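The structure under discussion appears below in the form of C-alpha cells.
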Amino acid sequence: MLEVKNLCASVEGKEILKGVNLRIGHGEIHALMGPNGSGKSTLSNVLVGNPLYEVTQGTVAFNGKDLLAMKAENRSHEGLFMSFQQPVEIPGVSMVNFLRAAIDAKRKYLGLPPVNTADFLKEMKEKRKMVGLDAALARRSVNEGFSGGERKRNEIFQMAMLQPRLAILDETDSGLDVDALRIVAEGFHQLRNDEMSAIVITHYRKMLEYLRPDVVHVMMDGRIVKTGGPDLADRIEAEGFDWVKAEVGASAAQ
Amino acid sequence: MDSLAQYLRLFDQNRPLLLDGPQAVAAPLRLRAYEALQTHGLPTRKEEKYRYTDVQSCLALDYGLNLHRRPSGMEAHDVSRGRVAGVNGPLVLMANDEVLSVADVRCPMPAGVEVNSLGVVAAQSPRWLADHLAQLAVVEQDSMVALNTLLAQEGLVVRAHAGCCPGQPIQVVCQGASQMDLMTLRRLLVVVEEDAELSLLMVYRDAGEYRRLVSQVAEVYLEKNARLHLWLVEQGQAATQLFDHVVVRQAARSRLDCGCFSLQGGTTRRTLEVCQLGQEAVTQVYGGVIGLGREHVDNHLLIRHEAPNCQSDVLFKYVLDDESVGAFAGKVLVQRGAQKIQSQETNANLCVSPTARMFTQPMLEIYADDVKCNHGSTVGRLDERALFYMAQRGIPEPEARMLLQEAFLGEAVARVAHEPLRERLSYWVEERFRYKMGHCNGCDICDTERLLKEKKE
C-alpha cells in the first residue's frame, strides 16, 4: 500500500528526515515511536503534503501512485488521512459545511455525484455516535471552543466520515483521558477493515494496547532505526530509548 | 476645480428650474450649498475625511444630469426584479432618483407609515419638509453634501408616525438606469417618531454598460424611544460610483441598528454619522465588504456620544482580493458630560491577495472620565494552517479559501436580525466568492445583467 524509499525532507532549510524507508501492507497497523524531535511528525506531514516541508530526496508510492507528485487534497481523495496533533480551529465554518465540502470534493474526484443531504446527515449522526462526539459539537464551527480531548475525538469522527485507506494518527492519544482513549480506539476498530492501514504515532503503550499494532518502528534522528513486533513497544515503555540509542551507536561504530 | 466650475455653471444655467415652483422649498438650501462650494471647493485627498477616496477624479468624468427629469425608461416591474427575494413587505421601486411605485395592493404600506417621493412631500407638507430637510446633513460641513444639496431634485421620504410598529421591513430598490453616463443626486429622509419601530432595507443596484455616479444624502431622525433597522445593500458594477452620506440623530432611548453591505460595485464611499443626543440611546452599526477586481470601498464613520448612559457597537469586516482597496475610518467621540458610555469598535480585514490594500483607522476621542470604550483593528491574510487542514481533508484550495472568506464575513452577516435578509446575504456572499471562482450558479447579480442585456437587444 505504502512504500517509502530513502525519504529526505527539510523544514525552513533544516534537514529533518535523513533517509526514511518504510513499507506498509494492506490492513496493517504500524506504530511509530521515538524521542521528541526524531522526525515522526515530519514524516506524517510530508506524507500528507504539508507545504511547509520540502522533500529533498526519495520516493513515496501509495497504491502504486507517486504520492509526492500529488496535491494535498488529491492525496486525501486517494485515501490518506492524518489526525492532526494540534487540530486547527476554523471559526465560522460549520462542521456540516466543512465535511460536506470534503466529501463532495472526494466524490467529484472519484467521478461520483454530490452526496444526498439526507444520507449525509444520517451518516454524520451514526459516525458521531460511534466516536462519542456530542451532537452540539457537531453543529458548531470546526474545532472552535473544543477542548483538547474533543478535538481529538473530532479528528476520529472526520476519519470515520472520510473512510481513508491509510490513517495517520499523530499523537491522537495526547490530551485524552482513559475513557476517551477507549472510545476513540473502539471507534477506530469499528472503522477498520482488511483494506485500511494505519500509522500510529504515540509515546504511550496504552494507545498501542488498544490499537494492537502489527509492527513497531523506532525513529531517531530522521531515520527508522529499529523495527520489531509489539514487544518492542513494551521494552521501550519499560526501559526508554537509551538502549536503542546504544544499539544504533554500536552498529554505527562497527 | 474644473468639475466644480462645471457644476456651478450648470446650476447658474438652470436657476429657475432648481429654485422655483416645486423646488422652492429647497431654494435657500441650494443657495447656501452654492456658497459653501464656492468657499470650500470639492474635497481633495489632503482633507483627512477624504484621504482614501479621490473625489476629484470620480467627478472628473463627464456625467450627464437629468435636470429636466426625462423618464429613465425603466418600469416598475423591471426594477422589481432587483428586490431581495424572500424578504416580504411593502416594496418601493426607484430608477435613479425617480420613485416609480410605492407599495401595491398585494402588499400595501402598513398603517402609520407614509412613504412618498420628495416632490409629493414638498407639495403636500412643505413646512414639515423644511423642518427636516438639510438639518442634519449640513452643507458647510461636507462639500459632497453641498453638491448633492445644490442639484438633487428628487428622493424618498419615509415617515413612521408615533407608536406605529409595522412587522415587515419596507424594501426600497434603487436601480441605476440610463442610456448614457449619468450622475444621480437624490435625497432620503427617514423620520421615526416617538415609540415607533421601522425596518428599512435599501438595495442599490446597477448594471449595464454605462457609468453612473450616485450621490445620496440620507437624513434619519429617531425620536424618543424610536427603533430603526436600516440595511444598506450595494450590488453595483465596476463602473458604479456610489457616494452615500447618512446622518442619523438619535433622541433618548432610541435604537439604531444599521447594516452596510458592499457586495459589488466600483467605487463606494459611505459616510455615516450618528449623533446620540438623548440618554440611553443605543447604536449598532455593522458592515461587510467584498472587494474584487479593482473595487474601492471606503467607509467613514463618526459616532458622537453627546448624552450619558448610551451604547455603541461598531463592527466592519472586509475581504479584499485582487487589486481592490478598502478603507475604514471610524471615530467614536465621547463629549464632556457623556458619562457611562459603553462603546466597542472593531474593524477586521483580510487581504487575500498580495496586491489588495487596506487602510484602517479606528479612533477614540474621549472627553468624559467614566466610560468604557474599546477599539481595535486587524489586517491579515488567510490562515495557512487552516488552508492546509482543509486540503488534508480533501477540500481544494479555491473552495477552502471561499469557505474561510465566507466565514469571516459571516460574523457581520449574522448581526442582521431579519432572518430572510440574513439568509439572502449569506447566499450572495457565497455567490460573490463563487463568481470569483468562475462558476456562479446563476445568481441575482448575473441574472440582472443578463436581463438588461436581453432587454437592450
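The values are calculated or read from the model by the stated rules, or taken from the named source; none is laboratory data. From a predicted model like this one, the values you see are computed outputs, not experimental measurements. FYI the Cβ positions are ideal-geometry reconstructions off the backbone, even for glycines, and counts take in every protein chain you see.
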Item to check | Count - residues of the range A:92-133 that are outside any helix (DSSP H, G or I), among the polar types (S, T, N, Q) and either surrounded by 18 or more Cβ atoms within 10 Å (Cβ to Cβ) or at the interface with another protein chain (Cβ under 9 Å from one of its Cβ atoms) (or both) | outcome: 1
Next on the checklist: Quick check on B:Gly163: is it assigned by TED's automatic domain parsing to the domain that holds B:Val203 and under 20 Å from B:Arg249 (Cβ atoms)?
Outcome noted: yes
Checklist entry - Any idea how many residues of the range B:241-253 are surrounded by fewer than 24 Cβ atoms within 10 Å (Cβ to Cβ) and either under 23 Å from B:Gln171 (Cβ atoms) or of a type in the set (A, V, I, L, M, F, W, C) (or both)? => result 5
Item to check | Whichever residue in the range B:222-239 is in a strand (DSSP E or B) and more than 16 Å from the chain's Cα centre (by Cα) and, among such residues, is surrounded by the most Cβ atoms within 10 Å (Cβ to Cβ) | outcome: B:Leu222
Checklist entry - Restricting attention to the range A:34-41, does a residue exist that is closer than 26 Å to A:Gly228 by Cβ and either within 12 Å of chain B (Cβ to nearest Cβ) or part of a helix (DSSP H, G or I) (or both)? => result yes
Checklist entry - So how many residues does the range B:361-396 have that are charged (D, E, K, R) and in contact (Cβ under 8 Å) with a residue 24 or more places away in the chain? => result 5
Checklist entry - Any residue at all in the range A:68-78 that is away from chain B (no Cβ under 12 Å), outside any loop (DSSP other than H, G, I, E, B), free of Cβ contacts under 8 Å to residues at least 12 places away in the same chain and not acidic (Asp, Glu)? => result yes
Next on the checklist: From the list B:Glu384, B:Glu345, B:Glu411, exactly one residue is within 14 Å of chain A (Cβ to nearest Cβ), surrounded by 15 or more Cβ atoms within 10 Å (Cβ to Cβ) and of a type in the set (Asp, Glu). Which is it?
Outcome noted: B:Glu411
Next on the checklist: Could you go through the range B:32-44 and let me know if any residue there is among the charged types (D, E, K, R) and either more than 14 Å from B:Thr149 (Cα to Cα) or within 23 Å of the chain's Cα centre (by Cα) (or both).
Outcome noted: no
Checklist outcome for this item: All conditions in (1) part of a strand (DSSP E or B); (2) in contact with a Phe, Trp or Tyr (Cβ under 7 Å, 6 or more places away or on another chain); (3) of a type outside the set (Val, Ile, Thr) are true of B:Glu345 except (2)
Item to check | Of residues in the range B:75-118 being among the small types (Gly, Ala, Ser) and exposed (fewer than 14 other Cβ atoms within 10 Å of the Cβ), the one farthest from B:Asp181 (Cα to Cα) | outcome: B:Ala111
Checklist entry - Just wondering, is there one or more residues in the range A:47-61 that are modelled with pLDDT of 95 or more and part of a helix (DSSP H, G or I)? => result yes
Checklist entry - Quick one: would you say A:Arg139 is basic (Lys, Arg) and either surrounded by 21 or more Cβ atoms within 10 Å (Cβ to Cβ) or under 16 Å from the mean Cα position of the chain (by Cα) (or both)? => result no
Next on the checklist: Take B:Asp104 and tell me if it is assigned by TED's automatic domain parsing to the domain that holds B:Asp78 and either within 17 Å of the chain's Cα centre (by Cα) or among the hydroxyl-bearing types (Ser, Thr, Tyr) (or both).
Outcome noted: no
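Each row is one residue, and each column tells you yes or no for (1) in the same structural domain as B:Tyr50 (by TED's automatic domain parsing); (2) more than 19 Å from B:Glu295 (Cα to Cα); (3) not polar (S, T, N, Q).
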position	(1), (2), (3)
B:Glu323	no, no, yes
B:Ala329	no, no, yes
B:Val332	no, yes, yes
B:Gly337	no, yes, yes
B:Lys340	no, yes, yes
B:Ala348	no, no, yes
B:Cys351	no, no, yes
B:Pro354	no, no, yes
B:Gln361	no, yes, no
Next on the checklist: Can you find a residue that is under 27 Å from A:Val46 (Cα atoms) and away from every other protein chain (no Cβ under 14 Å) anywhere in the range B:362-376?
Outcome noted: no
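Residue by residue, here is whether (1) surrounded by 15 or more Cβ atoms within 10 Å (Cβ to Cβ); (2) closer than 15 Å to B:Glu98 by Cβ; (3) out of contact with any Ser or Thr (no Cβ under 7 Å at 6 or more places or on another chain) holds:
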{"position": "B:Arg30", "(1), (2), (3)": "yes, no, no"}
{"position": "B:Ala33", "(1), (2), (3)": "yes, no, no"}
{"position": "B:Ser57", "(1), (2), (3)": "no, no, yes"}
{"position": "B:His68", "(1), (2), (3)": "no, yes, yes"}
{"position": "B:Gly73", "(1), (2), (3)": "no, yes, yes"}
Checklist outcome for this item: From the option list B:Val297, B:Val282, B:Val325, single residue qualifying as in contact (Cβ under 8 Å) with a residue 24 or more places away in the chain and buried (at least 24 other Cβ atoms within 10 Å of the Cβ) is B:Val297
Checklist outcome for this item: Wholly inside the range A:170-254, helices (runs of 4 or more DSSP H) that include 1 or more residues that are modelled with pLDDT of 85 or more are A:205-211, A:230-239, A:242-253
Next on the checklist: Tally up the residues in the range A:76-91 that are buried (at least 23 other Cβ atoms within 10 Å of the Cβ) and either closer than 25 Å to A:Lys122 by Cβ or modelled with pLDDT of 95 or more (or both), please.
Outcome noted: 6
Item to check | Sole residue being touching a residue at least 60 places away in the same chain (Cβ under 8 Å), surrounded by 19 or more Cβ atoms within 10 Å (Cβ to Cβ), in contact with a Phe, Trp or Tyr (Cβ under 6 Å, 6 or more places away or on another chain) and aliphatic (A, V, I, L, M), chosen from A:Ala198, A:Ala233, A:Ala167, A:Ala185 | outcome: A:Ala167
Checklist outcome for this item: Only one of B:Ala33, B:Ala27 is under 29 Å from B:Gly330 (Cβ atoms) and small (Gly, Ala, Ser), namely B:Ala33
